[in-house]
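First comes the structure, then the notes that go with it.
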Amino acid sequence: MRKHFTILLLSAISITGNAQSSQDLYLTKSLSTEAIQNVEASTVGGSIEVSGGNNTDSRIEVYVRDNKNGTLTKEEMKSRIETDYDLNVSVSNHKLTATVKQKHQNINWKKSVSISYKIFVPENVSTDLNTSGGSIRLEKLSGTQDFSTSGGSLEVDHLSGKVRGRTSGGSIDLSDSKDDIDLTTSGGSIEASDCTGKIKLSTSGGSLRLSRMNGDINATTSGGSAKADNIQGALSIHTSGSSMKLEDLSCSLEASTSGSDIEVSMKSLGKYIKLSNGGGDIDLAIPKGNGIDIDLRARKIRTESLNNFNGSQDEQHIKGTLNGGGTPVTVDAGGGSIYFALK
């Protein structure tokens, strides 16, 4: 049986949050009796927030804001919605659906509005979310999350399960999440911290900043700088031209840039180290006493005395074994220099 909630004009209520003010509240509806398992939400221009919690607190709040002048009266909200938009909030088979569609192809921009949602549901809920320009924020959820925005930011906190997020230009902030995560932006920066699992992060131009990560981590940027610290597991990190600083690593490592410098400091070695640079310098420091198979190539190599080394060594190429061999360490600086240190 499908239940439809009639869109009613409601009095503003006091809420907590920074995405919308209580003055923009159009309606709120309790979902505490619905045992929501799935959320499908889409909107035009507005933001979407989904938070996991207790079923007794489940509800959806809808906010309406004038795109030109900001806050509207309740009467103005109701008039704009009824004239230019189809707003549907419904529940069927434990699935919440919230959608907005324009009634007309060309709406007077002076009277256009952004419609946003704040959704509070149980933690074990899956989502399918889309907005044409606003931000998306998800927190304290487990399940399958699939979400996208045409330009707003993505904020992900305390999620587990399968997570897929896309933005055409906004930034990405990922924290305290785990399992299977894939987040992409076409131009914004990415910050990720305190996450575990299989994690893929990609930006076409912004910077990368990773901290306290553990798992199979793949991070790329087409132009921004890259920084990482306290990484365990396996890290694959690449930038097309900016600098890279990686420190306090205890992982297998593959890193590259096309022209700027790479600085790497290892706390302990993983299964391999592979570093490449099209023209900039590479500084690599690893702990003393490790057995490694070493292959360094550059225009010029600087290193301290290598004890227990067996192989060939000159100013541009060092190849052989250190301390009997072991972890493969391959570094190619192209036309740049290499500084290799044992600490």
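The values are calculated or read from the model by the stated rules, or taken from the named source; none is laboratory data. Note that the coordinates shown come from a computational prediction; the quantities given were computed from them, not determined experimentally. We place every Cβ from the backbone using ideal geometry, glycine too, and count neighbours over all the protein chains shown.
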So which residues in the range 210-256 are in contact with a Phe, Trp or Tyr (Cβ under 9 Å, 6 or more places away or on another chain) and among the polar types (S, T, N, Q)? SER252
May I ask you to list the residues in the range 212-243 that are within 13 Å of the chain's Cα centre (by Cα) and not aliphatic (A, V, I, L, M)? ASN218, THR220, THR221
Among what's in the range 41-63 and is part of a helix (DSSP H, G or I) and within 29 Å of the chain's Cα centre (by Cα), pick the residue that is surrounded by the fewest Cβ atoms within 10 Å (Cβ to Cβ). ASP57
How many residues, within the range 273-283, are modelled with pLDDT of 95 or more and more than 26 Å from the chain's Cα centre (by Cα)? 3
In the range 303-317, which residues are part of a strand (DSSP E or B) and farther than 16 Å from LEU275 by Cα? THR303, PHE309, ASN310, GLY311, SER312, GLN313
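Considering only residues that are of a type in the set (Lys, Arg) and surrounded by 14 or more Cβ atoms within 10 Å (Cβ to Cβ), look in the range 88-134 and name the one that is nearest to SER171 (Cα to Cα).
First, the residues of the range 88-134 that are of a type in the set (Lys, Arg): 95, 101, 103, 110-111, 118.
With the extra rule that they be surrounded by 14 or more Cβ atoms within 10 Å (Cβ to Cβ), the set shrinks to 95, 111, 118.
Details: LYS95: 29, LYS111: 29, LYS118: 20 Å.
Across the range 88-134, the extreme among qualifying residues is LYS118.
So which of SER260, SER268 is of a type in the set (Gly, Ala, Ser) and either over 29 Å from the mean Cα position of the chain (by Cα) or surrounded by 18 or more Cβ atoms within 10 Å (Cβ to Cβ) (or both)?
Numbers: SER268 fails: either over 29 Å from the mean Cα position of the chain (by Cα) or surrounded by 18 or more Cβ atoms within 10 Å (Cβ to Cβ) (or both).
The match here is SER260.
Taking the stated definitions as given, is ARG2 at pLDDT 95 or above, surrounded by fewer than 19 Cβ atoms within 10 Å (Cβ to Cβ), within 30 Å of THR83 (Cβ to Cβ) and not polar (S, T, N, Q)? Spell out how you get there, then give the answer.
Values: at pLDDT 95 or above: no; surrounded by fewer than 19 Cβ atoms within 10 Å (Cβ to Cβ): yes; within 30 Å of THR83 (Cβ to Cβ): yes; not polar (S, T, N, Q): yes.
Here the answer is no, as ARG2 does not meet what is asked.
Taking the condition at pLDDT 95 or above and either among the charged types (D, E, K, R) or assigned to a loop (DSSP other than H, G, I, E, B) (or both), does GLU75 pass?
The answer is no for GLU75.
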Residue in the range 271-312 that is nearest to PRO328 (Cα to Cα), counting only those that are surrounded by 15 or more Cβ atoms within 10 Å (Cβ to Cβ) and polar (S, T, N, Q): ASN290
Among the residues of the range 29-36, is any in contact (Cβ under 8 Å) with a residue 60 or more places away in the chain, buried (at least 17 other Cβ atoms within 10 Å of the Cβ) and not in a loop (DSSP other than H, G, I, E, B)? yes
Which condition from (1) modelled with pLDDT under 85; (2) within 30 Å of the chain's Cα centre (by Cα) is the one that ASP66 breaks? (1)
